[in-house]
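A short write-up of the structure that comes next.
The values are calculated or read from the model by the stated rules, or taken from the named source; none is laboratory data. Computed from a prediction, not measured in an experiment: that's the story for all the values here. As a convention, Cβ positions derive from the backbone with ideal geometry for all residues, glycine included, and neighbour counts pool all protein chains shown. Each accessible area value is taken on the protein alone, full model and side chains, heavy atoms only, with ligands, DNA and RNA left out. Shrake-Rupley method; radii C 1.70, N 1.55, O 1.52, S 1.80 Å.
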Amino acid sequence: MTAPNTHNLPVPNTTVLSMRPEAPKNTLWRRALSNTGFMAGIIIILAIFVISYVLPPVLGLDPYAVDPVNRLAEPSAEHIFGTDNFGRDLFTRIISGASTSLLVGFVVALVSGVIGALIGILAVFNPVLDAILMRICDGLMAIPAILLAVALAAALGPSVTNLIIALAIVYTPGIARLVRARALAVTSETFVTAATMQGAGMFHIMIRHILPNVLSVLVVQATFTFAESVITEAAMSFLGAGVPAPHASWGNILYDGKAVIMQAPQMIIITSAFLIITVLALNLVGDGLRDLVDQRSREFTGRPGIFARAVAVFAPGRMKKEFNG
């Protein structure tokens, strides 16, 4: 009996077919939408920004308009939050104070972030500068932040610009120490050693290798500095060392409200609520940014959050592309 010829028969396919769907791409947009706290903080901050900077010029609101006849008026259709002890509209004063707090906090975070990054990176490459700058930072950090800020603001004089300078001096040392620690860790990496052996200069390594790797940590810390600056500005204005009167500030409103807390408690309650919500939103943004830049969470894909499901309803094509790769 002749054996069958198997030379020209097709070879069977032994590839195992998997019924499991392909893992979705873990994009930055998807991880941001899946982080409910981060998206909530972004929306709250954007809403406060729009209300404080867009509404006053559009509606013609004047935070300095005085009406002594209606002082300490209760909330009404004309004054939705009531009036303060000078008859000024409390809603207008609060949203004007929000613009002041956001301006001070943002500029302080930006200035302290830039200067702190420069100090932290330069200290890594120069031992002499490292010893001098870090000892100065240690000395400034040894003084309580609010005490140092009040002393600097009192020495410079009452103004928004001097307040920003004082707060930037207070928060720069902490950012510099953080950036220095991260830069030291990066300089020990293999790619930095390889660049040095290939003849790369100090400034090349700073710009191409050190700065991009400390930028994520810097942005996250700057967000928390933003929130801390808002609180410190309100505390200093409450103590009389911050934004000078009659400029609107949450601290000034709280100071005016403490004397009439029984007659007009809304001055304390509503202003404190705006301050708490703003700081909470900034902290949520900071926590969300920390999760987004964390190397350990880049391969982690959590369940879609509230905002991811909302976008899936209004833009199903976009979310299908993002979530299904």
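Give the residues of the range 94-111 that are within 19 Å of G286 (Cβ to Cβ) and β-branched (V, I, T), sorted by residue number. Hits for the range 94-111 are V104, V107, V108, V111.
Every condition in (1) of a type in the set (S, T, N, Q); (2) more than 21 Å from T161 (Cα to Cα); (3) open to solvent by less than 30 Å² (accessible area, probe 1.4 Å) is met by S229 except one, and the failing one is (2). Would you confirm whether any residue within the range 230-245 is under 23 Å from L118 (Cβ atoms) and either modelled with pLDDT of 85 or more or of a type in the set (A, V, I, L, M, F, W, C) (or both)? Checked the range 230-245: at least one residue is under 23 Å from L118 (Cβ atoms) and either modelled with pLDDT of 85 or more or of a type in the set (A, V, I, L, M, F, W, C) (or both). Only one entry in V104, V108, V58, V66 is without any contact (Cβ under 8 Å) to a residue 60 or more places away in the chain and either more than 22 Å from I261 (Cα to Cα) or not in a loop (DSSP other than H, G, I, E, B) (or both), namely V58. For the range 119-145, a tally of residues being open to solvent by 60 Å² or more (accessible area, probe 1.4 Å), free of Cβ contacts under 8 Å to residues at least 24 places away in the same chain and in a helix (DSSP H, G or I) returns 6.
Filtering the range 75-101 to residues that are open to solvent by 10 Å² or more (accessible area, probe 1.4 Å) and not in a loop (DSSP other than H, G, I, E, B) leaves D89, F91, S96, S99, T100. Given the condition β-branched (V, I, T) and farther than 23 Å from E233 by Cα, answer yes or no: does some residue in the range 54-66 qualify? Yes.
For the range 258-277, name all the residues that are hydroxyl-bearing (S, T, Y) and either over 12 Å from L90 (Cβ atoms) or more than 25 Å from the chain's Cα centre (by Cα) (or both). Once the filter is applied, which keeps residues that are hydroxyl-bearing (S, T, Y) and either over 12 Å from L90 (Cβ atoms) or more than 25 Å from the chain's Cα centre (by Cα) (or both), the range 258-277 yields only S272. Among the residues of the range 239-261, is there at least one that is more than 25 Å from I277 (Cβ to Cβ), charged (D, E, K, R) and surrounded by fewer than 21 Cβ atoms within 10 Å (Cβ to Cβ)? Among the residues of the range 239-261, not one is more than 25 Å from I277 (Cβ to Cβ), charged (D, E, K, R) and surrounded by fewer than 21 Cβ atoms within 10 Å (Cβ to Cβ), which makes the answer no. Of the numbered criteria (1) at pLDDT below 90; (2) surrounded by fewer than 19 Cβ atoms within 10 Å (Cβ to Cβ), the one I210 fails is (2). Is it the case, given these coordinates, that N70 is among the polar types (S, T, N, Q) and in contact with a strand residue (DSSP E or B) (Cβ under 6 Å, 6 or more places away or on another chain)? Yes. Looking across the range 4-58, the residues that are at pLDDT below 55 and of a type in the set (G, A, S) come down to S18, A23.
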